[in-house]
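Below you'll find the structure, written out as structure tokens, and then a few comments.
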Amino acid sequence: MSILFSYNGVAHCSCSCLECFQLVCLLLAKMTALAVVLGGGISGLSSAYYLARSQALRFGKVVVVESSHRTGGWVNTTVSEDGAIFEHGPRSLRTAGAVGKNTLELVSIKNLSESVVPVLSHHAAANKRFIYARNQMHQLPSGLKSVLFTQAPFTKPFISYIMKEPFVKTEIEEDESVHDFIRKRLGNEIADYVMDPLCIGIFAGDARKLSAKSCFPAIFDPARQRGSLIKGLFLQGKEAKSESNCALVKQAKKERWPVWTLQGGLQTLTDKLTDTLMTQHGVEIIKQNQCKQLEFTDNNTIKVTTKDNCYTADHVISAVPATVLSGLLPSNHNILSKLLQEIQQVSVAVINLEFEGNVLPTDGFGYLIPSWEKSKLLGVIYDSCTFPQHNRPGSPTTRLTCMMGGHWFEDNFGDPAIADPEHLLAVAMESLKEQINIEAKPTRSIVNIHKDAIPQYRVGHFKIVDKINKYLDHHNMPLDVIGSSFCGVSVNDCIYNGRRTAEKLLT
Ligand SMILES: Cc1cc2nc3c(=O)[nH]c(=O)nc-3n(C[C@H](O)[C@H](O)[C@H](O)COP(=O)(O)OP(=O)(O)OC[C@H]3O[C@@H](n4cnc5c(N)ncnc54)[C@H](O)[C@@H]3O)c2cc1C
């Protein structure tokens, strides 16, 4: 047999044996194989991008089906007519870890390096993060000096909590709530003043319900392995980290950027991925094409029924929320549906405000409010300080974003589907007046109520994800599940998991 495969899909054969015939058939089957990606948010776009980018010829065609009129999902930027930029979803991405590095590499490949707007390590937004507790604003410790001295609201220097932790005898369970895990190891004050607001900042969720293992795996897993949080972090830090040849990654590391965005806002990235996919041979993105149903056929394909089409897919990557996927499955997979239903999301109201002049009490990233304060506000981000490049050109302005609702949405504002934007705005303005003394009328306000926006990884979440993956394996289903419902809510996690899934399919 003398058959040569070339990656452009052309097979050259100099004989006519059966083996060659079978190989050519196999090749043709691959060339016509169809992968359907459900959902055109950052997870779906990334997985489609990494699938289509590869020359490995696993799928001849990739179709992304998206229910709304736009791609990007929660990544959503408004550029106003006068040049100010408002983010309604994510606004900054971290550089840390393998997932942070992966996104910077993607940005670099997509020729967006020049558009990266970093927060530099000496900038106020990198060092000044506040919590509003007991009617006062408190700056959280950052840097060596601040951890050596007692700083309100803490009653001891930060370092004293850290020094004691390796000697804590309590065993770390296979999973615990974020609050329990930190309280047992570092004490009540760190749990209440640091981790409680952090859970609000990332998950809009309750630290007493969220899983330490699934929400903070980079802290929890090494801690459980070494029996101590501090030992785990210290030894993990010493382990070899993979280097990158990417100039942007090197620059981020050298200049110690904590977070970054893009000149035109983060939607620039999802728009760029969308454009790349739309111009790529064999790839289609079909908007306003909600997936209605999945059926598993006897010959191991999936019939994907959408609003306007029907596809027979050799593989489906689901990048829609777990609860959405649950509703698409046939009744004979109700065990899987029930597992997916367990991963619930919370709704958040995002209120973008713009004021004339500088109305902020101080520079910084913004502030969070611990849940036990029972404030109707979750936190406020000082966008104009963090990324002044996104301010309207000309005279000074302040842009800030109020986050509201989350785990407490229904208690505070009722059903998010019918919540009144005017009321939410009024509550936000009242809180800003009380907390940071802003009385000025905003020159611009945009209220968005994001229903079911942020998944909640409750204690035991990892077991649900494990059961879902085992179910898919056991039933040999040509289906993968990605997206913020499963293994990380950050944009970095979503991109990284989209890539890993695509690459797994191609090997
Ligand atoms: C307000 C807010 C602020 C955030 N801030 C940050 C931040 O600063 N930094 C950060 O890293 N992360 C942040 N996040 C988290 C991050 O933005 C999200 O976790 C991430 O964008 C989720 O992407 P995804 O593609 O998994 O899901 P989604 O964005 O939800 O995308 C899913 C897509 O599927 C589509 N869809 C749904 N049902 C169907 C169907 N039946 N058929 C076809 N399509 C369907 C939807 O329209 C959507 O486009 C924030 C999130 C929110 C909500």
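The values are calculated or read from the model by the stated rules, or taken from the named source; none is laboratory data. Computed from a predicted model, the values in this text were never measured in an experiment. Virtual Cβ from ideal backbone geometry, glycine too; neighbours counted across all protein chains shown. Protein only, heavy atoms only, side chains kept; ligands, DNA and RNA dropped before computing areas. Shrake-Rupley method; radii C 1.70, N 1.55, O 1.52, S 1.80 Å.
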Checklist entry - Does segment 271-326 hold any residues that are closer than 17 Å to Val481 by Cβ, buried (at least 21 other Cβ atoms within 10 Å of the Cβ) and in contact with a helix residue (DSSP H, G or I) (Cβ under 7 Å, 6 or more places away or on another chain), and which are they? => result Cys291, Leu294, His315, Ile317, Ser318, Ala319, Ala322, Leu325
Checklist outcome for this item: The helices (runs of 4 or more DSSP H) lying wholly within segment 172-262 that contain at least 2 residues that are closer than 27 Å to Trp408 by Cβ and free of Cβ contacts under 8 Å to residues at least 60 places away in the same chain are 178-186, 217-226
Item to check | Of the criteria (1) under 29 Å from Asn135 (Cβ atoms); (2) open to solvent by less than 40 Å² (accessible area, probe 1.4 Å); (3) more than 14 Å from the ligand (Cβ to nearest atom), which one Ile464 fails | outcome: (1)
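Anything in segment 452-461 that is within 15 Å of the ligand (Cβ to nearest atom) and more than 17 Å from Pro90 (Cβ to Cβ)? List them, or say none. Give the derivation first.
Filtering segment 452-461 down to residues within 15 Å of the ligand (Cβ to nearest atom) leaves 452-457, 461.
Of everything in segment 452-461, those that are within 15 Å of the ligand (Cβ to nearest atom) and more than 17 Å from Pro90 (Cβ to Cβ) turn out to be Gln456, Tyr457, His461.
If you go through segment 327-347, how many residues are closer than 26 Å to Gly201 by Cβ, open to solvent by less than 10 Å² (accessible area, probe 1.4 Å) and hydrophobic (A, V, I, L, M, F, W, C)? Explain how you work it out, then say what you get.
From segment 327-347, those closer than 26 Å to Gly201 by Cβ are 342-347; that's our starting set.
Next, only the ones that are open to solvent by less than 10 Å² (accessible area, probe 1.4 Å) stay: 343, 347.
Narrowing further to those that are hydrophobic (A, V, I, L, M, F, W, C): 343.
Qualifying residue count for the region: 1.
Residues are listed down the side, and each one gets a yes or a no for (1) open to solvent by 10 Å² or more (accessible area, probe 1.4 Å); (2) modelled with pLDDT under 95; (3) within 20 Å of Leu106 (Cβ to Cβ); (4) assigned to a loop (DSSP other than H, G, I, E, B):
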{"position": "Leu28", "(1), (2), (3), (4)": "yes, yes, no, no"}
{"position": "Ser46", "(1), (2), (3), (4)": "no, no, yes, no"}
{"position": "Gln55", "(1), (2), (3), (4)": "yes, yes, yes, yes"}
{"position": "Val63", "(1), (2), (3), (4)": "no, no, no, no"}
{"position": "Ser68", "(1), (2), (3), (4)": "yes, no, no, yes"}
{"position": "Trp74", "(1), (2), (3), (4)": "yes, no, yes, yes"}
Item to check | Criterion violated by Val79 - all others in (1) modelled with pLDDT of 95 or more; (2) within 16 Å of the ligand (Cβ to nearest atom); (3) at negative phi satisfied | outcome: (2)
Next on the checklist: Looking only at residues that are touching a helix residue (DSSP H, G or I) at 6+ places or on another chain (Cβ under 7 Å) and away from the ligand (no atom under 15 Å from the Cβ) in segment 467-491, which one is farthest from Ile200 (Cα to Cα)?
Outcome noted: Tyr471
Item to check | Qualifying residues in segment 94-111 (those that are open to solvent by 10 Å² or more (accessible area, probe 1.4 Å) and of a type in the set (A, V, I, L, M, F, W, C)) - the one nearest to the ligand (Cβ to nearest atom) | outcome: Val99
Checklist entry - Based on what the data block shows, is Glu356 open to solvent by 60 Å² or more (accessible area, probe 1.4 Å), within 30 Å of Val116 (Cα to Cα), away from the ligand (no atom under 16 Å from the Cβ) and not aromatic (Phe, Trp, Tyr)? => result yes
Checklist entry - Among all residue pairs at least 6 apart or on different chains, which show Cβ distances below 6 Å where the first residue, located in segment 477-492, is closer than 20 Å to Leu210 by Cβ and the second is more than 8 Å from the ligand (Cβ to nearest atom) and in a loop (DSSP other than H, G, I, E, B)? => result Ser485/Ile343
Checklist outcome for this item: Log entry, pairs with first residue in segment 84-99 being on the phi > 0 side of the Ramachandran plot, second being away from the ligand (no atom under 11 Å from the Cβ) and of a type in the set (A, V, I, L, M), beta carbons closer than 7 Å, six or more apart or on different chains, reads Gly97/Ala218
Item to check | Counted residues, segment 252-292 - those being more than 16 Å from the ligand (Cβ to nearest atom) and closer than 20 Å to Cys494 by Cα | outcome: 2
Item to check | Residue list for segment 57-82, restricted to those being of a type in the set (D, E, K, R) and in contact (Cβ under 8 Å) with a residue 60 or more places away in the chain | outcome: Arg58, Lys61, Glu66, Arg70, Asp82
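Being open to solvent by less than 10 Å² (accessible area, probe 1.4 Å), farther than 23 Å from Ser43 by Cα and not small (Gly, Ala, Ser) narrows it down to one of Ile438, Ile482, so name that one. Walk me through how you get there before you give the answer.
On the way: Ile482 fails: farther than 23 Å from Ser43 by Cα.
Every option except Ile438 fails the conditions.
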Next on the checklist: Yes or no: segment 310-318 includes at least one residue that is closer than 30 Å to Ser113 by Cβ, more than 12 Å from the ligand (Cβ to nearest atom) and touching a strand residue (DSSP E or B) at 6+ places or on another chain (Cβ under 7 Å).
Outcome noted: no
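Within segment 436-457, count every residue that is out of contact with any Ser or Thr (no Cβ under 8 Å at 6 or more places or on another chain) and within 20 Å of Glu354 (Cβ to Cβ). Break it down into steps so the answer makes sense when it comes.
The first filter runs over segment 436-457 and keeps only residues out of contact with any Ser or Thr (no Cβ under 8 Å at 6 or more places or on another chain), leaving 436-442, 445, 447-448, 456.
Applying the additional criterion that residues be within 20 Å of Glu354 (Cβ to Cβ) yields 436-442, 445, 447-448.
Result for segment 436-457: 10.
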Next on the checklist: Just to be sure I understand, how many residues within segment 302-356 are small (Gly, Ala, Ser), under 20 Å from the mean Cα position of the chain (by Cα) and closer than 30 Å to Thr32 by Cβ?
Outcome noted: 2
Next on the checklist: Suppose we filter segment 351-393 for residues that are farther than 22 Å from Ile454 by Cα, of a type in the set (D, E, K, R) and out of contact with any Ser or Thr (no Cβ under 9 Å at 6 or more places or on another chain); how many remain?
Outcome noted: 1
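Is it the case, given these coordinates, that Arg134 is open to solvent by 30 Å² or more (accessible area, probe 1.4 Å) and at pLDDT below 95? Break it down stepwise before answering.
Working: open to solvent by 30 Å² or more (accessible area, probe 1.4 Å): yes; at pLDDT below 95: yes.
For Arg134, the condition - open to solvent by 30 Å² or more (accessible area, probe 1.4 Å) and at pLDDT below 95 - is met.
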Checklist outcome for this item: Within segment 394-412, residues being open to solvent by 10 Å² or more (accessible area, probe 1.4 Å), outside any strand (DSSP E or B) and modelled with pLDDT of 95 or more number 6
